[in-house]
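Heads up, the thing below is written out as structure tokens.
The values are calculated or read from the model by the stated rules, or taken from the named source; none is laboratory data. No experiment lies behind these values; they were computed from the predicted model shown. Cβ: placed from backbone, ideal geometry, glycine included. Neighbour counts: every protein chain shown. The area values use the complete protein model at the heavy-atom level, side chains included, leaving out ligands, DNA and RNA. Shrake-Rupley method; radii C 1.70, N 1.55, O 1.52, S 1.80 Å.
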Amino acid sequence: MTDTTAPIAAPPRAEGQADTDQPRSRQQPPPTEKIAVLRWMKENLFASPGNTLLTIILGAALIYWVPAFIKWGFIDAIWYTPDPEVCRQSDGACWAVVAEKHRPMLFGLYPYEEHWRLVVALAVYLGSFTITLIRRFWHWQILVPLWTVAIAVISTMLWGGVFGLTFVETSQWGGLPLTMVLFSGTVVLGFPIAILLALGRRSHLPLIKATSVTIIESLRGVPLITILFVAVNVFPLALPDGLEFDKLVRVMVGMAIFFACYQAEVIRGGLQAIPRGQYEAAESLGLSYWQMTTRIILPQALRIALPGIMNHIIAALKNTSFVLIIGLFDILTATTAVMQDPLWRRWFVEAYLFVAAVYFFFCYVLSKYSQQVERWLSEGRRF
Amino acid sequence: MTVAHEANIDIKKGSSSLLHNLAFRGVAYQVLLAAAIVLLAYLLYQNVNANLEKQRIATGFDFLNETSGFDIGETLIEYDSEDSYGRALLVGIMNTLSVAACGIVLATILGTIMGIARVSRNWLASILASGYVEICRNVPVVLHVIFWASVIRNLPSPKQALSPMEGVFLANRGFIFPVPEPNPAYTWVWVALAAGLVLAFGFNYWAQKHREKTGKYIATLWPCMGIVIGLPLAAWLVQGAPLVWSVPELKGFNFRGGASLTPEFIALLIGITFYTGAFIAEIVRAGIQSVPVGQIEASRALGIRRGFIMRYITFPQALRVIVPPTTSQYLSLTKNSSLGVLIGYPDLVNVGNTTLNQTGQAVEAIAVMMAVYLGISLTISLGMNIYNRIVAIKER
């Protein structure tokens, strides 16, 4: 309808407008057009009266707050002092609390003399992680040996007990390394479970489907805290005598299953987006269920579901902070414990801002990276 | 080639051997799964029972009727330490619901404002909103809650309380503000408010039907606001406009009079609102951007007013995209309200945890918590599904 009416109605009006408008617009010089900045400001800040008012209000707030913040955070700030008295004399931020307490904050209860081991472990972890993120290194021949070595080095450093390193129990692990261990453990353990749950939910066999649905929906309906309570309080009761699992392992398994339930729903979304023809073609080639699933369906489904998958991986990183409730010393718990120190307690804002910055850095990098991967994967694909 | 070849053999075999019969294998897998589940459940049950007996911990839900013996700082219903565990848990449930309900309302408002600001033509508003979204959603909600709890705990004591307005105080005891003294006349004001809301909805509904039938637009915003505000106001004036303020005053070490929000409630509310608000802002932004530009251009070509375009063209279409993911944000906000246990807000998990520690009945206490959260989650999803059905595309 619109296609047929538009050309008939449009031309006369356009001509009429052109006749009257053009001479006048030639007489008026376009003043703001000449200066790009002014034009940009007119379009983006003062487009309408309401917009102008908003700009003025927000601008005034910024002019009031930003200099005050810079004065507090940078100009008047105390960057380093072992003496809390110095901070007390100043009006600015006391970043010295981070400088003074960074070791218990970053490494928790780990024996003080052995902190260098955690530095090595963190460096190896972050190094391998960075290499894994680079597309050029996406080959099994590179990644498998890399992570085998990395995991060997990291666990040697964390546990010790060999090569003359003193043994350190997992209950003493803490800080940023513990956050990393929890995060990686959750994702690595949880992802295969997620795939199985997602496939189970799509299964034609009623009992398998019902089991998957029950697990996914009931765990998604409860808070992570209750699952951690189960891992800490109930799980030991359910084991036979003499069999015990480390608290860290129990918590990690709980978090992995919780992560898997959310991830399974995202993967199911990807599975649902695969056209029927793909299944039929695979079956007509005589592929078995697992051949079809691992070679044809999953690669496509995971690619489609990638943004959601990355979101939940980032959420898994943030969720590691829930261990504060059950007393594992991740970076946030360690900081909260450090802030009990009466000498330095006043500057909790600075300490928490530092921890927030650490989390922000990793989450932000991961989310930007996931956008980049989406671009890579969509190269050459236009559907 | 080899794959096809092998498959051929498979098919041939399949006709002879039971093992290669797909239907048989399906049944076999399910029988195996069922057996595994039953066995696992039996083993777990056995172990739990044996361990509980050894530790001399009672089982069953009888503890719900026993005296709890602990006090709760913040209750919506009457409760003291003489009451039962069951009642204590009920207090916890009500506290969870109240903080979650406030959080949902505030996060929706904050998220909608920030989401609209992000797509606004105003550059300043859009970068400020992006800054808020990026900072708040990339920091764990646990840190949000802990941070605000510390901030409020470190506010000045009641003696040096911050007082932004006469009678309003902000101190480490919470947020204290004046309220009108209770008066029997207010019952009628509430009744009038309820009547006003019903009338306003009715009027709105009628105006919409009228518009759909005749194409004539009837302004509803001002009449509706008039009814909702005017009726209670009239009820209040008719009864002689009784108004005595109960203004908080500093007596000794604390405030008397007025009403207050506890520090824990405020901290938890601010924390979960800021965190979830950032996610809702992203959802709102995506929803608005999902409406094709052609729709807006077409409405402009038809000469529809700007405000009308937002209300009748953009928003209804954006809602279809916004509602389903917002539901899961509401659910996650409700579940995150369990972080009250960290800062001493007596929510369900906090009360449940105390119960667990006092009775030692971990299995039952955690089962109660999980069941309640499941119930809340299912109720919210049900409600939002109904709402979603209202705003979803009507295919005729």
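Points worth noting:
- Solvent exposure of the stretch B:139-254 as accessible area per residue, Å², 1.4 Å probe: 63
- R0 of 45 Å, Cβ-Cβ distance B:ARG389-B:ARG256: FRET efficiency to nearest 0.05: 0.35
- Helical segments meeting 15 Å axial Cα length and Kyte-Doolittle 0.5 threshold in chain B (DSSP H): B:22-54, B:85-118, B:123-137, B:141-153, B:221-238, B:263-290, B:362-391
- Simple spin-label estimate for B:ILE229 and B:TRP245 gives 1.9 nm between the two label positions (7 Å along the Cα-to-Cβ direction from each Cα).
- Listing of the stretch A:164-209 residues, each with accessible area lower by at least 30 Å² in the full protein assembly than in the chain alone (probe 1.4 Å): A:LEU205, A:LEU207, A:ILE208
- Shape category assigned to chain B from the gyration tensor of Cα positions, a/c cut at 1.5: oblate
- Mean residue ellipticity (222 nm) of chain B, computed from DSSP H runs ≥ 4 via -39,500 (n - 2.57), nearest 500: -22500 deg cm²/dmol
- Length gained on full extension, A:LEU239 to A:LEU377: 45.2 nm, using 0.36 nm per residue less the C-alpha separation.
- At the listed q of 0.18 Å⁻¹, the Debye profile of the stretch A:107-165, built from one uniform point per Cα, gives log10 I(q)/I(0) equal to -0.65.
- Using a probe of 1.4 Å on the protein chains alone, the accessible area found for A:HIS139 is around 100 Å².
- Ranked by solvent-accessible area (1.4 Å probe, protein heavy atoms only, all chains present), the residues A:LEU366, B:LEU250 order from largest to smallest as B:LEU250, A:LEU366.
- Listed residues A:VAL66, A:VAL323, A:VAL213, most fluctuating in chain A (Gaussian network, C-alpha, under 10 Å): A:VAL66
- Rounded percent of accessible protein surface that carbon and sulfur make up, chain B, 1.4 Å probe: 66
- Global form of the stretch B:204-275, assessed from the alpha-carbon gyration tensor, a/c cut-off 1.5: oblate
- Under the combined filter of DSSP loop state and at most 15 neighbouring Cβ atoms within 10 Å, the stretch A:221-287 retains these GluC sites (Glu not before Pro): A:GLU244.
- Charges were assigned to the Cβ only: +1 to each Lys and Arg, -1 to each Asp and Glu. The resulting dipole of the protein assembly as shown about its Cα centre is roughly 2860 debye.
- Springs join every pair of Cα atoms under 10 Å in this Gaussian network model of chain A, and among A:MET41, A:MET180, A:MET292 the largest mean-square fluctuation is at A:MET41.
- Per residue, chain A exposes an accessible area of 55 Å² to a 1.4 Å probe, with every protein chain left in place.
- Taking A:PHE163, A:PHE322, B:PHE279 and ordering them by how much accessible surface each has at a 1.4 Å probe, largest first, produces A:PHE163, B:PHE279, A:PHE322.
- Using R0 = 56 Å, the C-beta based FRET efficiency linking B:ASN357 and A:TYR279 works out to 0.60.
- Approximating the spin labels as points 7 Å out from Cα along Cα→Cβ, the A:THR156-to-B:LEU162 distance works out to 5.3 nm.
- Sequence-separation-based contact order of chain B, relative, with Cα cut under 8 Å and 6+ spacing, percent: 21
- Residues of the stretch A:228-251 that lose at least 10 Å² of accessible area (1.4 Å probe, protein heavy atoms only) when the other protein chains are present, relative to their chain alone, are A:PHE229, A:VAL230, A:ASN233, A:VAL234, A:LEU237, A:ALA238, A:LEU239, A:PRO240, A:ASP241.
- Chain-alone versus full-assembly comparison, the stretch B:117-143, residues with accessible loss of at least 40 Å² (1.4 Å probe): B:ARG121, B:ASN122, B:TRP123, B:LEU124, B:LEU128, B:GLU134, B:ASN138, B:PRO140, B:VAL142, B:LEU143
- If R0 equals 41 Å, the separation of the Cβ atoms of B:TRP222 and A:LEU38 corresponds to a calculated FRET efficiency of about 0.60.
- Just the protein heavy atoms count here, and of the accessible area of the stretch A:69-141 at 1.4 Å, carbon and sulfur take up 67 percent.
- Given a 1.4 Å probe and the protein chains as shown, A:ARG346 ends up with an accessible area of around 130 Å².
- Pairs of Cα atoms farther than 36 Å apart, chain A, %: 48
- Within the assembled protein chains, the solvent-accessible surface assigned to B:ASP62 is about 110 Å², based on a 1.4 Å probe.
- Dipole magnitude of chain B, debye to nearest 20 (Cβ charges: Lys/Arg +1, Asp/Glu -1, about Cα centre): 1960
- Taken across both chains, chains A and B shield about 4600 Å² of accessible surface from a 1.4 Å probe.
- Accessible area of the stretch A:249-370 belonging to carbon and sulfur atoms, whole % at 1.4 Å probe: 64
- Rounded if a/c under 1.5, otherwise prolate or oblate - the protein assembly as shown, Cα gyration tensor axes: rounded
- Straight-distance crosslink candidates among aspartates and glutamates, where the alpha carbon sits under 12 Å from A:LYS368 and sequence neighbours closer than 8 are dropped: B:GLU134
- Taking Cβ separations below 4.7 Å as the criterion for a possible disulfide partner, the isolated cysteines in chain A are A:CYS261, A:CYS363.
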